[in-house]
Amino acid sequence: MNLTQKIISAHLSSGNELPLPGEEIGIKIDQTLTQDATGTLAYLEFEAMGVDRVKTELSVAYIDHNTLGSGYENADDHRYIQTVARKHGIRYSKQGNGICHQVHLERYGKPGKTLIGSDSHTPTAGGLGSLAFGAGGLDVAVAMGGGAYYIKMPKVIGVELVGKLQGWAQAKDVILELLSRLSVKGGVGSVIEYYGEGVKTLSVPERATITNMGAELGATSSIFPSDERTLEFLKQNGREEDYICLLADDNTYDQNIKIDLREIVPLIACPHSPDNVKKVSDIEGLKVDQVCIGSCTNSSLYDLTLVAKILKGKTISPDVSLSISPGSRQVLVKLSESGALADMIAAGARILECACGPCIGMGNSPKYGGVSVRTFNRNFEGRSGTANAQVYLASPAVAAAAAIYGKIVDPKILGDLPEVILPEKFTVNDGMTIIPDFKGEVEKGPNIKSVPIGKPIENNLSEKVILKVGDNITTDHIMPAGAKILPYRSNIPYLSQFCFKVCDEKFAERAKAEGGGIIVGGENYGQGSSREHAALVPLYLGVRAVIAKSFARIHVANLINAGIIPLTFDSFDDYDSIFEGTVIEIRGLKEGIENSEFVYANFGEKKIKLKIDLSERQRKIILKGGLLNYTKENK
């Protein structure tokens, strides 16, 4: 078996012993993580299940998204998460300890283990040989309660790496190269598994950059083998006892891709999609207003030490604002000890908190129409907090060079790539992680509201189309992030007024006036973040079904969990015949979900065929009105 199949086989709780791609399987989950933008709902759902203690090997609650204290709301969410974690057996990583994926990589991730997290970039842990999945909060809650995580058995795309990166090419350029080849839809239904002689030339932080942005391919997960470089990283973090050698038995894959690392050059993703990739040399000279370095993609000690070496003795352009967000307190401490932090500050960088920050629009929004070069993973329209900002994604080296010159330049202008030698041992201090003692009472502030619950399916549906959107609609379109909105992540009623505001300012108002309805979408509907708010808020607004050409993996699972019916066009041509305001009638819907692979929708004199692409378990969940209802009846 390949590496992905080996780990899945060792964790199968339901499904065939050798499942074929597309078959639904249940996987035993060893570890879970949450972050505070999605964690509040996950723990509200966990409490609703009535389970006293988590049943995983390890569950960690991280505070890294909603860290801006502009009101009581975020602080109340943090207190709720801390108290529920203490009572139910979840480790609690305090605000300032770092970004969940960086800290989990350093302190908790283990080769061969399964991990799900309520964040789409959870596959970062694949950099050290974990099989990790981004998921909705309810799926994480079920896993914490001892339930399996259900997915369709993925195909495995083998990416053979040969050679070694040359010049100024970095790990970020490897994943940008893959995005340029496959697009944001190219990994849907697949795990990306890396192998080949080139793998051993990449450190775990470099591998984690690549697996992190596998989410932008739409991939189920991404994974590297666990080898001597994995052991090296674990030793640096004082965790060599967690090491196991974990390699594929053979390199048999559903699809094969070869990347010669010697041919990789500095690349950049242009607005407004991570797969809109060009060579840096092709857009040299573009004036830059802002540079942001950090995020869960590029905030490791290696990345930021390299940035410090590039900036040392230089001054950033007077026209550029440069911010740097270390990925963890451990990284920040080591930067301070080595003098690298002083070099960055002397050059004119603003050092931000060890948190997600600008990546999710939590501060540092660019100026109106501004150009921002970021080492982040997403450049969706409006995600930065400025609706018309032009956001480019690049490696730390390209970003640092842009900050110095005030424009996009090929970093070779700086001379030779500086050598980065990491210490044999990192300074480890887990003092900001609280170990649960199963005591205390759960505290809920006034901003924390109940989670909306879906309704059982009726046999006939007659609803108006209240919104029609195009291809590649992201969860940022459906439920935006940003400093003005994130404090209300645990308040669905308040949050609802922002739903689809990027696409249609009056959507929420119209949905309420109509009493709900149907949304129609194009291909890859719901790509991006794992936030289940993008399903729960439409549920609150009365959305009963979404009809699309195709769905992103995590979002369709969240729709099912919420009790919203996902249907797909049998013929894409039918998409063009439906408009906002069209009244769609589906007779025999309940019967169709129970027994059929499709239903017919009628509007006017037209009749179209819609596919029901659901497993038997998902059909039962939808019929009950969502996973919470289903779980209560079947626990």
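The values are calculated or read from the model by the stated rules, or taken from the named source; none is laboratory data. These numbers come from a predicted model, not from an experiment. Counting neighbours? That spans all protein chains shown, and the Cβs are built from the backbone with ideal geometry, glycine included.
Residues in the stretch 593-635 that are of a type outside the set (A, V, I, L, M, F, W, C) and either touching a Cys at 6+ places or on another chain (Cβ under 6 Å) or part of a strand (DSSP E or B) (or both): TYR600, ASN602, LYS606, LYS607, LYS609, LYS611. Scanning the stretch 74-126 for residues that are small (Gly, Ala, Ser) and surrounded by fewer than 24 Cβ atoms within 10 Å (Cβ to Cβ) gives ALA75, GLY89, GLY96, GLY112.
Return yes or no: is TYR72 outside the structural domain of PRO326 (by TED's automatic domain parsing) and at pLDDT 95 or above? It is false that TYR72 is outside the structural domain of PRO326 (by TED's automatic domain parsing) and at pLDDT 95 or above. Counting only strands (runs of 3 or more DSSP E) that fall entirely inside the stretch 201-294 and contain at least 2 residues that are in contact with a Pro (Cβ under 7 Å, 6 or more places away or on another chain) and of a type in the set (Gly, Ala, Ser), the qualifying elements are 221-223. Per the conditions (1) closer than 14 Å to ILE264 by Cβ; (2) under 19 Å from the mean Cα position of the chain (by Cα), the sole criterion not satisfied by GLY187 is (1).
Given the structure, is ILE621 at pLDDT 95 or above, of a type in the set (Val, Ile, Thr) and out of contact with any strand residue (DSSP E or B) (no Cβ under 9 Å at 6 or more places or on another chain)? It is true that ILE621 is at pLDDT 95 or above, of a type in the set (Val, Ile, Thr) and out of contact with any strand residue (DSSP E or B) (no Cβ under 9 Å at 6 or more places or on another chain). The set of residues in the stretch 87-114 that are in contact with a strand residue (DSSP E or B) (Cβ under 7 Å, 6 or more places away or on another chain) and assigned to a helix (DSSP H, G or I) comprises CYS100, GLN102, VAL103, HIS104, GLU106. Residues in the stretch 601-635 that are more than 24 Å from GLY22 (Cα to Cα) and surrounded by fewer than 15 Cβ atoms within 10 Å (Cβ to Cβ): 9 in all. Before we move on, is ALA545 within 30 Å of LYS444 (Cβ to Cβ) and either in contact (Cβ under 8 Å) with a residue 12 or more places away in the chain or hydroxyl-bearing (Ser, Thr, Tyr) (or both)? So ALA545 does not fit the description; no. In the condition set (1) farther than 26 Å from GLU514 by Cβ; (2) without any contact (Cβ under 8 Å) to a residue 24 or more places away in the chain; (3) not hydroxyl-bearing (Ser, Thr, Tyr), GLY592 is compliant with all but (1).
Residue-by-condition table, conditions (1) within 30 Å of ILE81 (Cβ to Cβ); (2) basic (Lys, Arg); (3) buried (at least 18 other Cβ atoms within 10 Å of the Cβ); (4) assigned by TED's automatic domain parsing to the domain that holds SER577:
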| site | (1), (2), (3), (4) |
| --- | --- |
| LYS407 | no, yes, yes, no |
| ASP437 | yes, no, no, no |
| ILE453 | yes, no, no, no |
| GLY470 | no, no, no, yes |
| ILE478 | yes, no, yes, yes |
| PHE500 | yes, no, yes, yes |
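Checked against (1) out of contact with any strand residue (DSSP E or B) (no Cβ under 7 Å at 6 or more places or on another chain); (2) at pLDDT 95 or above; (3) under 24 Å from VAL373 (Cα atoms), LYS185 passes all but condition (2).
Criterion applied to ILE351, ILE408, ILE345 was being among the aliphatic types (A, V, I, L, M), within 19 Å of VAL288 (Cβ to Cβ) and modelled with pLDDT of 95 or more, and the one residue passing it is ILE408.
Residue count for the stretch 162-178 under the criterion of being surrounded by fewer than 24 Cβ atoms within 10 Å (Cβ to Cβ) and either aliphatic (A, V, I, L, M) or not in a helix (DSSP H, G or I) (or both): the result is 8.
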